[in-house]
Amino acid sequence: MKEFLEGSMAIAEVVKLCKPGVISAYPITPQTHIVEELAQIVANGDLNSQFVNVESEHSAASVVLGAVAAGVRAYTATSSQGLFYMAEVLYNIAGMRLPVIMTTAARAISAPINIWNDHQDVVSLRDSGWIQLHAEDIQEAVDLHVMAYKLGEDRSVMLPVMVCMDGFILTHGVETVNMPTQEEVDKFLPAYNPPYKLDVSNPMTLGPLVDPEYYTEARFALNQTHKEALDLIPKITADFAKVFGRHYNGLIEGYQLKDAERVIVAMGSVCGTIKEVVDELRKKGKKVGLLKITSLRPFPIAAIYEALKNVPKVAVIDRALSLGSFAPLSADIKAVFFGKLKKPKAISSFVVGLGGRDITKDSIKEIFRLMTGKEKQGEFIDLKPELLKESYE
């Protein structure tokens, strides 16, 4: 059923269809509308769930940890500083192999205070052990939530999944969305039946203290599961297509790659803008394309290599920084080709859109123009030199 919805309302509706038994979150811009709507849905009796009000994001993460540990499907959402406040608990959730699902409305990190979109918050938590999926538009964000529950709760995975959607651009943007029906979701997503849970009739320990004799193996197993999830994600998206009729790869998406000589690698809502530019430049005879990254963790190394190994010039767009080092996504992309004989002649790195600065079609065209074959490292696009001059005077 097609509906004209704000992104946050669409996410609240699809979470309702997934039937979490516990929801807990603390409001923070631009995530607030999601849990505000879910609170109303629960209050209206439209979802049989416990909505737990808490005093902080740390507590919200702790509540959903406890819920899933007790065998109940759970959901939370956050953004920016709230995500960082949760960080201690997020590592515990992953280490305890608890498939919590969380929406993160990607937003800049202070200081200075900024409530607009970039990817610094979500990228900074990429090593927490959570599977991390990035949506291009509201429809994909909706569908990724249904797939996230199926993926995280698979008995071969049992890991938390973070669905990332660009703050304001997608959370507050309005699009026509093909919303799933309850019947479709029930057909695709079975009731949560965990292989382990806290139960007084069958006592067990979750999250124990371990000494050096065991810790390495625990982290190795967590890492191994991420690698194995790379094979499962495309299977889940294929099953999703059979029920819902919408097709995703779940790892990457190539756009006009077949004969491309210049390709931009990016993730999130900017991919829509890049596709428009690619179409415009293709009409002018330019052999350009896009590789969209959906799964940041696990990172689909083999799929990326196959997609880009024959492309002469690659540019990676980052909406985040690793201060004092390489931009994070570009570092991962460069690592894909380490030691490989067949690889792009140049992989350039560009930083754009920090703190919500618009990434226009002209911005994308400038990146394509700068792909000359000489590598550029962490070059800022749309930088305002006059503001830098003022800051030092």
*Do we have I23 as of a type in the set (V, I, T), over 20 Å from Q182 (Cα atoms) and in contact (Cβ under 8 Å) with a residue 24 or more places away in the chain here?*
no
*If you check every pair at least six apart or on different chains, which have Cβ atoms under 8 Å apart with a residue in the stretch 143-165 that is on the phi > 0 side of the Ramachandran plot and in contact (Cβ under 8 Å) with a residue 60 or more places away in the chain first and a residue that is crowded, with 23+ Cβ neighbours inside 10 Å and part of a helix (DSSP H, G or I) second?*
M158/G152
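A quick yes/no check of all residues on (1) modelled with pLDDT of 95 or more; (2) closer than 22 Å to A141 by Cα; (3) acidic (D, E); (4) crowded, with 17+ Cβ neighbours inside 10 Å:
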| position | (1), (2), (3), (4) |
| --- | --- |
| V14 | yes, yes, no, yes |
| C18 | yes, yes, no, yes |
| V22 | yes, yes, no, yes |
| I28 | yes, yes, no, yes |
| T32 | yes, yes, no, yes |
| Q40 | yes, yes, no, no |
| V52 | yes, no, no, yes |
| V64 | yes, yes, no, yes |
*Among the candidates A303, A320, A346, single out the residue that is touching a residue at least 40 places away in the same chain (Cβ under 8 Å) and farther than 25 Å from I109 by Cα.*
A303
*For the stretch 113-142, what are the residues that are in contact with a strand residue (DSSP E or B) (Cβ under 9 Å, 6 or more places away or on another chain), open to solvent by less than 40 Å² (accessible area, probe 1.4 Å), within 14 Å of A320 (Cα to Cα) and assigned to a loop (DSSP other than H, G, I, E, B)?*
N117, D118, H119, L125
*Taking S110, is it open to solvent by 10 Å² or more (accessible area, probe 1.4 Å), hydroxyl-bearing (S, T, Y), assigned to a loop (DSSP other than H, G, I, E, B) and under 17 Å from P298 (Cβ atoms)?*
no
*Members of the stretch 212-255 that are farther than 21 Å from A148 by Cα and open to solvent by 80 Å² or more (accessible area, probe 1.4 Å)*: P212, E213, Y214, Y215, T216, E217, R219, F220
*Among the helices (runs of 4 or more DSSP H) contained in the stretch 284-393, which hold 2 or more residues that are surrounded by 15 or more Cβ atoms within 10 Å (Cβ to Cβ)?*
301-308, 328-336, 361-370
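The values are calculated or read from the model by the stated rules, or taken from the named source; none is laboratory data. All values derive from a computational prediction rather than experimental measurement. Virtual Cβ from ideal backbone geometry, glycine too; neighbours counted across all protein chains shown. Note: areas computed on protein heavy atoms with side chains; ligands, DNA, RNA excluded. Shrake-Rupley method; radii C 1.70, N 1.55, O 1.52, S 1.80 Å.
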